Amino acid sequence: MEEEKLATVARLGKRGHFNIKVRDEIIKAVEDGIPRNVIIYQYGVSKGTLCDWMRDHGSAAYQRTKRGRYFTEVQKRSVVRQVEQGILTPHAARQANGISGNTLNKWIRESLKENVEIAVYDPLMMEKKPAEEPDLPDLGKQALEKALQESQRALQEAQMKIRALNTLIDVAEDQFKIAIRKKAGAKRS
């Protein structure tokens, strides 16, 4: 009976708005650890309203504890790059960073959209059994092997350049707090 009286005093009428002081008191009670179900029953506030109040009016310390771990764009790209380069398996990356599979997949999709023009070399896709070598004179084989080695060296240099540029962009974005990479799907003006 006393609880019902407290709830009716807290709001104007059965469906009226709550007094701001009472709202703040309810928020403080939740932050102090009183279970939400108890507060919902005690004050007659709906679960949705209580969630909205906590999101909109809860203290900054409470907000930090309720949100998951926050990752900067640089950290996200680092995790994705480790998975793409085979340093970590997707499972190991999820375990090490405390993220879900959906989150990791979302980051990878965003990275692919973002880096369409500078795609990472995937050795698994490129790895195929070589076709039988045609019979060429020894001079032709040597020239081909030399050209192949030069191409591979150039490819490695290009990959190193791409990695260096990506790292440079990540550091610049982190230090200057600006987005340098173009977002996928941007509208033309």
Just a yes or no: is a residue in the range 70-86 touching a helix residue (DSSP H, G or I) at 6+ places or on another chain (Cβ under 6 Å), surrounded by 15 or more Cβ atoms within 10 Å (Cβ to Cβ) and not in a helix (DSSP H, G or I)? no
Just need a number here: residues in the range 23-34 that are more than 12 Å from Met54 (Cβ to Cβ) and at pLDDT 90 or above. 1
Answer with yes or no whether Ala7 is of a type in the set (A, V, I, L, M, F, W, C), at pLDDT below 85 and within 24 Å of Asp174 (Cα to Cα). no
Do we have any residue at all in the range 130-149 that's of a type in the set (A, V, I, L, M, F, W, C), at pLDDT below 80 and surrounded by fewer than 11 Cβ atoms within 10 Å (Cβ to Cβ)? yes
Exactly one of Tyr62, Tyr41 is over 18 Å from the mean Cα position of the chain (by Cα), among the aromatic types (Phe, Trp, Tyr) and at pLDDT below 85, and that residue is Tyr62
Those residues of the range 15-33 that are under 20 Å from Ala60 (Cβ atoms) and not in a helix (DSSP H, G or I) come to a total of 2
If Tyr70 meets every condition in (1) hydroxyl-bearing (Ser, Thr, Tyr); (2) modelled with pLDDT of 85 or more; (3) more than 19 Å from Ile20 (Cα to Cα) apart from one, which number is that one? (2)
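The values are calculated or read from the model by the stated rules, or taken from the named source; none is laboratory data. As the structure is a prediction and not an experimental result, all values here were calculated from the model. Quick reminder, even Gly has a Cβ in these numbers, built from the backbone with ideal geometry, and neighbours come from all protein chains shown.
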